[in-house]
1. How many residues does the range 334-343 contain that are under 24 Å from G527 (Cβ atoms) and either among the acidic types (D, E) or surrounded by fewer than 18 Cβ atoms within 10 Å (Cβ to Cβ) (or both)?
2. Of a type outside the set (V, I, T) and exposed (fewer than 15 other Cβ atoms within 10 Å of the Cβ) - does that describe any residue in the range 301-312?
3. Counting residues that are among the β-branched types (V, I, T) and at pLDDT 95 or above, which helices (runs of 4 or more DSSP H) fully inside the range 67-147 reach at least 2?
4. Could you please let me know if D78 is at negative phi, touching a residue at least 12 places away in the same chain (Cβ under 8 Å), among the acidic types (D, E) and out of contact with any strand residue (DSSP E or B) (no Cβ under 8 Å at 6 or more places or on another chain)?
5. Is it true that N159 is among the polar types (S, T, N, Q) and under 27 Å from the mean Cα position of the chain (by Cα)?
6. If we scan the range 482-502, do we find a residue that is of a type in the set (F, W, Y) and part of a loop (DSSP other than H, G, I, E, B)?
7. Examine the range 454-462 for a residue that is surrounded by fewer than 20 Cβ atoms within 10 Å (Cβ to Cβ) and hydroxyl-bearing (S, T, Y), and state whether such a residue exists.
8. Counting only residues that are touching a helix residue (DSSP H, G or I) at 6+ places or on another chain (Cβ under 6 Å) and in a helix (DSSP H, G or I), which one in the range 56-66 is farthest from R428 (Cα to Cα)?
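The values are calculated or read from the model by the stated rules, or taken from the named source; none is laboratory data. Keep in mind it's a predicted model, so treat the numbers as computed, not measured. Don't worry about glycine lacking a Cβ; one is built from the backbone with ideal geometry, like all the others, and counts go over all protein chains shown.
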Amino acid sequence: MRLFLFSLILMLAACSEQESNQQLVAETVNANDTEIQSDAIDSVALEDARLNTWFDEQYAEQLDFSPQTKTRLGDKSDYGILNDYSVAGADEQLRWRSQSVAAMQAEFDYSLLNEDEKLSYDMWIYALDRADAGIPFRQHGYIFGRGGPHVSLPNFLINYHRVDDASDIEAYLSRLGELDRVFGELLDRARSASKAGIRQPAFAYDFAITEIDRVTSGVPFNTNDGSPNSPIWTDIQGKIEALVETDLISSDQAQEYIAQAQEILAGEVMSSYQEILAWLEQDKAFASETSQGVWALPDGENYYNYRLAQMTTLEFTADEIHEIGLAEVERLHLAMEKIKTAVDFEGSLEDFFVFIREDDRFYFPNTDEGRQDYLDLNNEYLDAITLKLPDYFGRLPKAQLEVRRVEYFREQTGAAQHYASGTPDGSRPGVFYSHMSDMSTLPIFQLEDVAYHEGSPGHHMQISIQQELTGVPRFRTQYRTTAYTEGWGLYAEWLAKEMGAFEDPYSDFGRLSGELWRAIRLVVDTGIHAQQWGEERAVQYFIDNSAQAEGAIRSEIQRYITGPGQATAYKIGMMKFQELRLNAESALGNNFDIRTFHDVVLGVGALPMPLLESRVDRWIEEVQSESGER
């Protein structure tokens, strides 16, 4: 028995010692694993931080190519300079981007990056790929068409060149002096494109000529036509007078600045405009009087395919987009039939389109009072929806929003309303602009829908949140893709219905009209540029299938003719947002949270759609993993 007990004690002691040794080994291994894991985490964090710092340095270099972008962002460096618009300047930017991507690939280990930094890495390469893809089509863009630099540059000076002191006025004068250089560079490119057989339709020449006439009417360009002061003259006088009123400059200094501005505008700037006008008049003689799509241009088919890929960021053919459009038009017509029935309208849907297009009750009068009523109603809808945003979004914008009429010199009858972003620091608000020269092109039944698209939860919210992002490289706060930006705007219209908007059935019809409008775009854009539709066929299809005013339709069709592919991004982008949300709802079930979903898609910036889809898929996996652990 003693021997047994002694043996048992020895065995237990051995077991105890073995367990102690195993525990010691385990603790050592765990400590080593923890140290290894810690080292790996440190390596990833270090590489992430290093890459983000590098991106910010690169973006600062990139901004040096565009003093105008700096100004839009509230940065006053290079304040007296306009961009380089020459072919050589474009080549230099492309070389820089190519070298930047090569340096990134050589200096950073992709496998050591977190997912968000991998996203930035992929975006930097994507931007180069798209720039490279556009090289063969550099001449295909119509430079001096509707809304071209002849009006966009004065608009830039008026609305973005802020004047806070005398140095800012001197920078303004310097930029006025740069206009003849810029117009010369752009005119060289336009002439080169014309020689290559790339010309816009005749109507676009007429449009540009009319725009230039509006910019250059009145003092100081023309003192004999009886017109009021030109818009840019009114602007610079007002900015100089504001400095005098705040005692930042003397009256004598003000007069010197005004004299300099008058000399520059009436001299070299007017000469540049006259040269552009002369070329437009001359080149128009070679343009087609019949509005044609880009299929008629050299290598037009490939150019249009490039534009579709650029605008949608997805791999759809023109035929596929056309068929999607036809199917969506049919679906939306069925939804409209229900509203027609709900308001007790007797007649066909086509009859209802005519009624809602032509009845005076759906339009404000074409007076200053009517225009103000239109602006006021926009603000009422936007104020009401803002109160509901916290129920659907965790991230909310800090920037303010203003609703304004487009300035006279760039106003276009029937043109689409649009949004101009503010500065990231909030010093300049975002602006929702309406073209209000003809109120018969602004139906009240669509007012609510457009307000949500341009304001909140649409462009103002999305772009402001993107600009206010922290913890990502700065370029991510400014990067834009049309499919994401416009797709979100159209998704926001659809979302607003879910948020309780569109209580009036006619406004709800307006919401469907807005979506139908974008579906029709898929049909007519591809019809014009891939299937060789003429302008009148496209106009008639639009009239037959929508309640849009004819004036607005004609303006829209001409926009599609001169901006191929852009109009397809809205509906294709919206459908992708809806698809991503549906996938997330299906995968997560009760764990799906609408606020978090919106924060995920808004918190990464305006990505190409494939990269956005990858980000949403990772979020779904993260939620599933967390719910599984519980």
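1. 2
2. Scanning the range 301-312, I find at least one residue that is of a type outside the set (V, I, T) and exposed (fewer than 15 other Cβ atoms within 10 Å of the Cβ), so the answer is yes.
3. So the answer is 67-72, 87-107.
4. So D78 fails the test.
5. Yes.
6. Yes.
7. no
8. The qualifying residue farthest from R428 (Cα to Cα) is Q58.
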